[in-house]
1. Give the range 351-368 a look and list any residue that's among the β-branched types (Val, Ile, Thr), part of a helix (DSSP H, G or I) and within 16 Å of the ligand (Cβ to nearest atom), or say none.
2. Taking the conditions exactly as written (modelled with pLDDT of 95 or more and either away from the ligand (no atom under 16 Å from the Cβ) or not in a helix (DSSP H, G or I) (or both)), does residue 210 satisfy them or not?
3. Among (1) more than 16 Å from the ligand (Cβ to nearest atom); (2) out of contact with any Gly (no Cβ under 6 Å at 6 or more places or on another chain); (3) at pLDDT 95 or above, there is one condition residue 197 misses while meeting the rest; what is its number?
4. Would you mind listing the strands (runs of 3 or more DSSP E) fully within the range 42-140 where at least 3 residues are touching a helix residue (DSSP H, G or I) at 6+ places or on another chain (Cβ under 7 Å) and either modelled with pLDDT of 95 or more or buried (at least 18 other Cβ atoms within 10 Å of the Cβ) (or both)?
5. Given the conditions (1) open to solvent by 30 Å² or more (accessible area, probe 1.4 Å); (2) modelled with pLDDT of 95 or more, report the number of the one that residue 358 does not fulfil.
6. Considering the range 228-246 alone, what residues qualify as being of a type outside the set (S, T, N, Q), closer than 15 Å to residue 66 by Cα, outside any helix (DSSP H, G or I) and touching a residue at least 60 places away in the same chain (Cβ under 8 Å)?
7. Which members of the range 375-419 meet the condition of being in contact with a Lys or Arg (Cβ under 9 Å, 6 or more places away or on another chain) and either without any contact (Cβ under 8 Å) to a residue 24 or more places away in the chain or within 13 Å of the ligand (Cβ to nearest atom) (or both)?
8. What do you reckon, is residue 348 assigned to a helix (DSSP H, G or I), crowded, with 17+ Cβ neighbours inside 10 Å and under 19 Å from the mean Cα position of the chain (by Cα)?
Amino acid sequence: MKTKSKAAKISVRLRSASARQAKRAVAASTHAVVPLKERRLNFGNQWDFAPAPEDSRNYVIAPRHELFINGKFVTPKSGKYFESVNPATEQPLTTIAAANAEDVDSAVKAARKAYDKVWSRMPGRERGKYLYRIARIIQEKARELAVLETMDGGKPIKESRDVDLPLVAAHFFYYAGWADKLKYAFPGKTPSPLGVAGQIIPWNFPLLMAAWKIAPALACGNTVVLKPAETTSITALRLAQIFQEAELPDGVVNIVTGAGETGAALVNHPDLDKIAFTGSTEVGKVIARTIAGRSAGLRPGSTSGGLNRAGSESGAPRLTLELGGKAANILFEDAPLDQAIEGVIAGIYFNQGHVCCAGSRLFVQEGIYSSVIKKLRDRIQTLRVGNPLDKNTDIGAINSKPQLDKIKMLVQSGIDEGAKLTQTQCVLPSKGYWFPPTFLTGVTQAHRVATEEIFGPVLSVMTFRTPEEAFERANHIPYGLSAGVWTDKGSKIFKMVNQLRAGVVWANTYNKFDPASPFGGYKESGFGREGGLQGLAAYCRLD
Ligand code: NDP
């Protein structure tokens, strides 16, 4: 037979195909097989998202911003202005008035007049109407406010849009609801307002901190002089326009912009009944010392004759301080690991780590240490760093050059002291202030990065063996603002919560906020609470 049958030909082809397959299998077996646990998805740059920037052209930022005193925008007596820049581009956004002691005095006088003549006399249900109106206008303008917040502060638009702004409106709604129900909030007591409140806020949540402070103060019948942070004043001044739109009576809220000297002038003003400060422990201590030295007779300019109107015998205004933190996020072996990793990521990298309650110390139980590190290493590679206005951005710009320098200095100190650095491998924009998501391993309790507030996207990882060791080490620090516990055992959660010296403890979650829930610290993280009924009590005299 000269020709093979069709069946024979097919059989030959099949034999040679299976021989090739066998050859390939032998070749493959000579390469190391990656164990299942070690395998990772590697998309390279194939899955890059298309840019999705929020359009900021619709929102015009005025080239100059004035002080907001007695319901009007007024030029500063100081005659001075400072520049506010976009930290993601280093482009100037606007110039802002710098208030001096004379400007602060005008603002306090306007607040006092509004307190005496209008706001403290107004029935709670009327005050509540104003607060509801403000809350609704904030909701209407939420997109604009979110864009401004992101441009001014560098935080990702998805955070300002989906976290900050909804919470800002929620705080005004929540305290609007209490304005006519104060006597039910504190049964058996007769709540009355304190008077004029001086409020100083930081740059990490500019509008949210303004809402935390203004809403409860107004609900209780107080009037306010607010000092926003120098780098993030734009949204507070936009809020002032909203107060005008809501027809809030003149002088009920006054906004004095400027640097630390403006804040100091406010703290030193003799006619305040309450001071509320959020910021660094260092400045908090300065404020506490200033007020401690102020007693009856030491208030020469006071219109209340040495005694403040809150009735404090020392003549000093009441004080609440919400200061720094270095929270422990504690990961037990029995925790649902993948969810816990997401909680750790959200805990430290949310808002570039510019969060006083950030979970910046991770304590991992020894048995799961290596798998936690691998998961963390992989997860941080997926975080997208860049244009804060892009909806896909996870990590925005660092708020200012001094803050970036501080982060770099502290991370370097960690490396110098023996810690090992792991960072997201990404290309950082050439302009602006940036720091990639970072974690440090090999950290010991003696390292600076284990105890000092870095206030950036930097996590210090340490280990523990027993629950006792975990809370001992977590508490062994001057701060006491917040903590997190990850375990599937309810009993362990209760044990830890009872032992941790922290104002807020989250269990199997992190960074969850609600206006009804009080927030504040122990030890050098300050005193007093904001949010909830406790936040209301901080602005009332309860006879
Ligand atoms: P500050 O504590 O200096 O700033 C907070 C606010 O206080 C700002 O409005 C600031 O004004 C004002 N201020 C500054 N000095 C005085 C003063 N002597 N009297 C009254 N008010 C004053 O924080 P920084 O912005 O300097 O940040 C430094 C560090 O503080 C950060 O690295 C971080 O560790 C920590 N921090 C903690 C925050 C928290 O929420 N726990 C918030 C912010 C910072 P201005 O900004 O205009 O100078």
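1. Selection gives nothing.
2. no
3. Unmet for residue 197, out of (1) more than 16 Å from the ligand (Cβ to nearest atom); (2) out of contact with any Gly (no Cβ under 6 Å at 6 or more places or on another chain); (3) at pLDDT 95 or above: (1).
4. 67-69
5. Among (1) open to solvent by 30 Å² or more (accessible area, probe 1.4 Å); (2) modelled with pLDDT of 95 or more, the lone unmet condition for residue 358 is (1).
6. Within the range 228-246, 230 is the sole residue that qualifies.
7. Listed by number, the residues that qualify are 399, 410.
8. Spelling it out, residue 348 is indeed assigned to a helix (DSSP H, G or I), crowded, with 17+ Cβ neighbours inside 10 Å and under 19 Å from the mean Cα position of the chain (by Cα).
The values are calculated or read from the model by the stated rules, or taken from the named source; none is laboratory data. Quick caveat, the model's predicted, so the values are computed rather than measured. When we count neighbours, we look across all protein chains shown, and the Cβ atoms used for this are built from the backbone with ideal geometry, even at glycine. Just so you know, the surface numbers come from the protein's heavy atoms only, side chains and all, with ligands and any DNA or RNA stripped out. Shrake-Rupley method; radii C 1.70, N 1.55, O 1.52, S 1.80 Å.
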